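> Here's a structure for you.
Values quoted throughout were computed directly from the atomic coordinates according to the rules given, and no laboratory measurement underlies them. Small disclaimer: the values here were computed from a predicted structure and weren't measured. All Cβ positions, even for glycine, are placed from backbone atoms using ideal geometry, and neighbour counts span all protein chains on display.
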């Protein structure tokens, strides 16, 4: 199966969530695996609340939850590594320690698996946390670098599909109409084809296009960036849209107008198009504009006073407003990643925001007035 066909199946789970088991089976075949699972969690230290698998016996999830979750050295070791990357089992934990572990002798051996490949997938705001694991028997040997790289291509698509599905559910969706998701988003979103022709957008993006300070439409209905460097990057991304490697390294650029600086994220997408042969899917590009910084200096004290944050929380939000990532914030403030993530999560809860970008947008909007 071509990787692009498999990517389409992954995104199709947004509209057909019951197809995940079939999709996982296809991923397992593509990556030379006999077993595969996808587990969703509310946090790194939380047990899975949803579990889909292919190749395992019925009832495995219940057995794993009851005991083996707490002694799974693969899971514990994976959580200490950088998320959103694919790792082989011998990269995750010591091989000797694994073969002597309870999870291997009492759980893996009866199942018939020995080697693993997996990834812990998480969004910057921790709104999504899922683990995917592929395994196979001892006779098939370790996963080589070629298979790991193919897994690294597919896992970002899986994360994005889960994130979109979660966002739709949070919006009370259940709606099959993707346009509703666009219109309910707090961020400007544009979707274009590989020529840059605008296919879909939401009302926030309409304002951006109308102002024509960052991006505009030309006479052919194609997106054109006002900044020449941004336009060159856009052209480069469009030229690689049909390559599955694009979404394994989601790209972004930073642009600003007189009031706000935006991080523009480029993510692959499949657009439904009605033809004489019925509905077909074409490769597309989703552009998400996230406000990250204001030209006005926002002080820590202003943020703390207005929103009721602690000094530490206000410092974290101030750094977010200046476009700093969670990794950069934890380094700057000399804290752990988990501490920085929890502080951002607390600030989101206090301001009733669903994402980091919504939090930044709210802070900037309130304090710029």
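> Could you work out the relative contact order of segment 305-368? I mean the mean sequence separation of Cα pairs under 8 Å and 6+ apart, divided by the number of residues, in percent. Numbers along the way, then the final one.
Details: 36 pairs, mean separation 21.1, N = 64.
After rounding, I find 33 percent.
> OK, next. With just the Cα atoms defining each centre, how far is segment 85-138 from segment 326-359? Give it in Å.
28 Å
> Hey, another quick one. Fewest first, what order do 307, 37 take by the number of other Cβ atoms within 10 Å? Can you show the working numbers first?
On the way: 307 18, 37 22.
In order of increasing Cβ crowding within 10 Å: 307, 37.
> Using 7 Å Cα-to-Cβ label points, what is the residue 58/residue 15 separation (nm, one decimal)?
3.1 nm
> Based only on other Cβ atoms within 10 Å, what is the fewest-to-most ordering of 321, 353?
Working: 321 23, 353 19.
Final ranking by Cβ density, sparse to dense: 353, 321.
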